[in-house]
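The values are calculated or read from the model by the stated rules, or taken from the named source; none is laboratory data. In this text the structure is predicted, and so the values were computed from the model without any measurement. So basically every Cβ, Gly included, is an ideal-geometry build from the backbone, and we count neighbours across all protein chains shown.
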Ligand code: SF4
Ligand code: SF4
């Protein structure tokens with residue numbers, strides 16, 4: 001089987017079941033300096049996120065095929081080969097202030113826990129961020145995982161100040177999303193950031209916020225951020 005890593009072809013002369021095994025084969029037998037990241041090897045830690053044929057995958061879960069083209073995830077500084085700096089996750093979560101702001105004692109029932117159960121499964125792999133077309137044209141966009149995390153805390157009954165979360169995502173946040181769904185398709189954990197962003201827009205409206213791109217709607221039939229409208 002031949003695969004390309006950053007445009008360079010490698011022949012894998014061994015049966016492999018995961019892309020991570022193929023990369024390890026290259027490192028052990030062909031290119032000892034090939035740099036890539038991994039951790040748990042079982043789809044839990046998110047360290048090995050990567051792009052295969054232009055789509056985000058976890059290297060430890062993806063079964064490679066002959067002719068696959070492998071690249072690092074996008075919008076993270078490339079350190080070497082497939083290794084990227086994912087520290088932007090920390091700064092985006094800090095910007096959205098996606099943690100409990102003011103804790104209040106509340107008993108959570110099963111239904112309450114279910115509400116944000118799926119968002120709690122985020123492994124910060126950055127696949128959704130890499131897949132998002134808005135980040136390409138607007139690098140300061142808060143992006144899908146940070147907004148999904150914000151939604152999780154906004155609907156948490158133990159959060160005494162939910163409006164603070166809503167306030168933090170008005171600028172370069174929810175209204176800039178095109179609702180293209182690429183983030184949802186890219187997520188290996190079944191999280192649906194697009195729907196969470198729609199829910200955050202509805203919550204924002206209940207706090208008196210309006211879509212600042214409202215004037216772009218109606219004429220184009222679009223919804224929200226107009227990528228042709230300039231910034
Ligand atoms: S739905 Fe929004 S956040 Fe998700 S990829 Fe599209 S533009 Fe980005
Ligand atoms: S929302 Fe999904 S794709 Fe995005 S960082 Fe979390 S686990 Fe990865």
Legend entry - Candidate set: the stretch 49-87, residues that are within 19 Å of residue 121 (Cβ to Cβ) and in contact (Cβ under 8 Å) with a residue 60 or more places away in the chain; chosen: the one surrounded by the most Cβ atoms within 10 Å (Cβ to Cβ): 49
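Right, residue 85: closer than 21 Å to residue 11 by Cα and either out of contact with any helix residue (DSSP H, G or I) (no Cβ under 8 Å at 6 or more places or on another chain) or assigned by TED's automatic domain parsing to the domain that holds residue 14 (or both) or not? Don't jump to the end; show me each part of the working.
Details: closer than 21 Å to residue 11 by Cα: no; either out of contact with any helix residue (DSSP H, G or I) (no Cβ under 8 Å at 6 or more places or on another chain) or assigned by TED's automatic domain parsing to the domain that holds residue 14 (or both): yes.
In short, no.
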Legend entry - Count - residues of the stretch 146-194 that are more than 9 Å from ligand 1 (Cβ to nearest atom), within 14 Å of the chain's Cα centre (by Cα), more than 22 Å from residue 104 (Cα to Cα) and not in a loop (DSSP other than H, G, I, E, B): 1
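Would you confirm whether or not the stretch 15-33 contains a residue that is closer than 19 Å to residue 135 by Cβ and either assigned by TED's automatic domain parsing to the domain that holds residue 126 or more than 16 Å from ligand 2 (Cβ to nearest atom) (or both)? Can you show your working first?
We begin by selecting, within the stretch 15-33, every residue closer than 19 Å to residue 135 by Cβ; these are none.
No - not one qualifying residue is present in the stretch 15-33.
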Legend entry - Residue that is touching a helix residue (DSSP H, G or I) at 6+ places or on another chain (Cβ under 9 Å) and more than 16 Å from ligand 1 (Cβ to nearest atom), where the choices are 71, 106, 117: 106
Inset, instruction - Provide a single number: the residues in the stretch 120-135 that are within 10 Å of ligand 1 (Cβ to nearest atom) and either within 23 Å of residue 206 (Cα to Cα) or not in a loop (DSSP other than H, G, I, E, B) (or both). - result: 7
Legend entry - Count of residues meeting criterion [within 12 Å of ligand 2 (Cβ to nearest atom) and touching a strand residue (DSSP E or B) at 6+ places or on another chain (Cβ under 6 Å)] in the stretch 95-125: 1
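Here is a list: 42, 9. Which entry is in contact with a strand residue (DSSP E or B) (Cβ under 6 Å, 6 or more places away or on another chain) and surrounded by fewer than 18 Cβ atoms within 10 Å (Cβ to Cβ)? Walk me through it before giving the result.
Values: 42 fails: in contact with a strand residue (DSSP E or B) (Cβ under 6 Å, 6 or more places away or on another chain).
Just a single option satisfies the conditions, and that option is 9.
Residues to consider are 185, 147; find the one that is crowded, with 20+ Cβ neighbours inside 10 Å, modelled with pLDDT of 95 or more and closer than 30 Å to residue 49 by Cβ.
On the way: 185 fails: crowded, with 20+ Cβ neighbours inside 10 Å.
Going through 185, 147 in turn, the sole match is 147.
Yes or no, residue by residue, for (1) modelled with pLDDT under 95; (2) touching a helix residue (DSSP H, G or I) at 6+ places or on another chain (Cβ under 6 Å); (3) on the phi > 0 side of the Ramachandran plot; (4) part of a loop (DSSP other than H, G, I, E, B):
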site	(1), (2), (3), (4)
13	no, no, no, yes
17	no, no, no, yes
21	no, no, no, no
25	no, no, no, no
28	no, no, no, no
31	no, no, no, yes
39	no, no, no, yes
43	yes, no, yes, yes
56	no, yes, no, no
Legend entry - Test for residue 142: is it within 10 Å of ligand 1 (Cβ to nearest atom), part of a loop (DSSP other than H, G, I, E, B) and within 22 Å of residue 189 (Cβ to Cβ): yes
